[in-house]
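All remarks here apply to the structure that follows.
What follows draws every value from the coordinates through simple rules; no lab data is involved. Only a predicted model underlies this, so the values are computations on that prediction, with no experimental measurement involved. Using ideal geometry, Cβ is built from the backbone for each residue, glycine included, and neighbour counts are taken over all protein chains shown.
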Amino acid sequence: MEAAMDLMRRMPPGSTETALNALLSLLPDHSLDLLSQVDLPLQVCMDKENNKEYILCEYNRDADSYRSPWSNIYEPPLEDGTVPSEEMRNLEVEANEVFSVYRDQYYEGGISSVYIWEDEDESFIACFLIKKDGQGKRGYMQIGSWDAIHVIQVAQDTLSMKLSIIL
């Protein structure tokens, strides 16, 4: 296992998925360890209803389907998939619009997705994802990719305190 992880650390990011699949076929007894320790590049899917791309991750996954932040629909279709409450969904839509502008200005393009859901203790959790491949608009980035995942939890006390400061 140590040699496999050493090999994965030396692989170029573009070859990670191919190398991981090869190691999984060679070391089936270590598949759980490999899958939990190796980060794969973020995958992208197209929301057919809104004709917008979105990022696939564990935070918008239910079974083998992924929920689009643009339409709130699972692909492939899933009848009983988990969706955010109306309040969280409205916040998610607004966050996606704002984060899309931020991503375009800061990263010069790419794809972003925001997923928001409620926690058990009257708080909510938000996941902000960015995927950027290829060249920047200003030409500074010649070739490369950038995947970012940020997860934050907002407690009700923190939200009330911040809202009272703003008001």
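The modelled label-to-label distance between residue 7 and residue 104, using points 7 Å beyond Cα along the C-beta direction, is 4.4 nm.
Taken over the chain, lysine pairs spaced eight or more positions apart, or on distinct chains, with alpha carbons under 29 Å apart number 6. Counting only alpha carbon atoms, the long axis of helix 86-107 and the longest principal axis of the chain meet at about 60°.
In a DSSP loop and with at most 16 other Cβ atoms within 10 Å, the trypsin sites (Lys or Arg not before Pro) in segment 1-64 are 48.
Return the loop-located GluC sites (Glu not before Pro) in segment 30-65 (DSSP other than H, G, I, E, B) with at most 14 other Cβ atoms within 10 Å of their own Cβ; answer none if there are none. Those satisfying the criteria are 49.
Helix 156-166: angle to the longest alpha-carbon principal axis of the chain, degrees 0 to 90, nearest 10? With both axes taken from Cα atoms, the answer is about 60 degrees. Projecting the Cα atoms of 14, 149, 81 onto the dipole axis of the chain, where Lys and Arg carry +1 and Asp and Glu carry -1 at the beta carbon, places 14 farthest toward the positive end. Calculated from the structure at hand, mean projected area of the Cα convex hull in nm² is found among (1) 10.3; (2) 13.1; (3) 11.9 as (2).
Charging the Cβ of each Asp and Glu at -1 and of each Lys and Arg at +1, and nothing else, the dipole of segment 1-104 about its Cα centre rounds to 400 debye.
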